[in-house]
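The structure appears right after this line, and notes come after that.
Nothing in this text is a laboratory measurement; each read-out follows from the coordinates by a stated rule. None of these values were measured; they are calculated from a predicted model. As a convention, Cβ positions derive from the backbone with ideal geometry for all residues, glycine included, and neighbour counts pool all protein chains shown.
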Amino acid sequence: MADLPQTSSGEYPAPALIDRISANVAGIRNRIEHSCERSGRKTEDITLVGVTKTVGLAEIRALYQAGIRDFGENRIEVGLPKVETLSDLADVNWHMIGHLQRNKAAKAVNGFHVFHGVESSKLVEKLTELAVQSKSRYDVFLEVNIAGEDNKYGVQPEAAVVLARQILQAGNLRLRGLMTMAPFTDDTDLIRSVFRGLRQLRDTLQQNAGEHLPDLSMGMSGDFEIAVEEGSTLVRVGTALFA
């Protein structure tokens with residue numbers, strides 16, 4: 001475990017850490033509630049995914065005590081040891097939120113339940129193969145580069161229809177919906193347009209495929225309120241939980 005981020009409290013959280021993180025969780029949930037009020041949505045429709053990629057075991061346990069049951073990691077080599085060590089947290093859903101390389105998929109399915117960064121036909125084929133072998137069914141999100149940024153992963157919107165169809169036909173994969181990242185900018189109108197674009201693309205895919213795609217994974221610490229207003233059902237929050 002030497003490569004994991006550590007804290008002075010070790011694996012188990014000190015009372016002060018629990019109190020601080022619990023207060024942060026309560027604050028974020030309150031902001032989500034206000035965003036839902038502004039957009040006419042229900043707070044129970046929003047899942048708060050705690051992004052734990054930069055923290056250690058004590059912080060994750062503190063998040064668990066604060067009521068979080070969904071955790072997100074973006075690197076297999078860092079995330080899997082955490083999953084294994086925290087196996088006593090039996091009711092946790094582990095999300096792979098980062099880019100998943102095809103050659104690491106076999107390792108990833110040993111610990112993760114939900115895959116947010118699915119963006120290639122080859123990865124879909126590999127996950128399907130692994131699901132068949134293990135007689136499992138994996139939850140996936142199709143990652144779309146709505147903003148068209150060169151430094152971001154994700155398929156282009158016009159290619160999403162073909163890849164979505166492949167996932168839906170795979171049988172052992174469950175396409176829950178779409179995922180995207182907004183540009184890192186202070187332009188809230190641009191951020192909102194990206195999130196709205198993903199929601200509209202999801203609606204189009206539902207009509208074309210005749211399948212219900214219930215979820216949108218969008219929104220992070222700096223923009224999750226806008227994401228909720230535009231239809232997000234999973235917000236991936238890290239920095240704001242541990243401030």
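Go ahead and run the numbers for FRET between Gln169 and Asp45, Cβ-Cβ distance against an R0 of 35 Å, rounding to 0.05.
In this case the efficiency is close to 0.80.
For the pair Arg192 and His113, what calculated FRET efficiency results from E = 1/(1 + (r/R0)^6), where r is the Cβ-Cβ distance and R0 = 30 Å, to the nearest 0.05?
0.50
Averaging sequence separations of C-alpha pairs under 8 Å and six or more residues apart, then dividing by the length of the stretch 15-242, give the relative contact order as a whole percent.
Relative contact order, the stretch 15-242: 21 percent.
Within the chain, count lysine pairs with alpha carbon atoms under 25 angstrom apart where the residues are 8 or more positions apart or belong to different chains.
Lysine pairs satisfying the spacing and distance rule in the chain number 21.
Can you tell me how much longer the chain between Asn151 and Ala106 gets when fully stretched, taken as 0.36 nm per residue apart minus their C-alpha distance, in nm with one decimal?
Values: separation 45, 0.36 × 45 = 16.20 nm, distance 2.59 nm.
So the extension gain works out to 13.6 nm.
Cα convex hull of the stretch 15-242: how many Å³ per residue?
Dividing the Cα hull volume of the stretch 15-242 by its residue count gives 121 Å³.
For the pair Ala23 and Glu77, how long in nm is the line joining their label points, each one 7 Å along Cα→Cβ?
For Ala23 paired with Glu77, the spin-label model returns 3.7 nm.
Take Phe184 and Thr204, extend 7 Å from each Cα along the Cα→Cβ direction, and tell me the distance between the two endpoints in nm.
Modelled inter-label distance: 2.9 nm.
Which distance in nm do the two modelled labels at Asn93 and Ser121 give, with both placed 7 Å along the Cα-to-Cβ direction?
Computed distance between label sites Asn93 and Ser121 equals 3.0 nm.
Using the crude model of +1 on Lys and Arg Cβ and -1 on Asp and Glu Cβ, and no other charge, please compute the dipole size for the chain relative to its Cα centre, in debye to 20.
Here the size comes out at about 520 debye.
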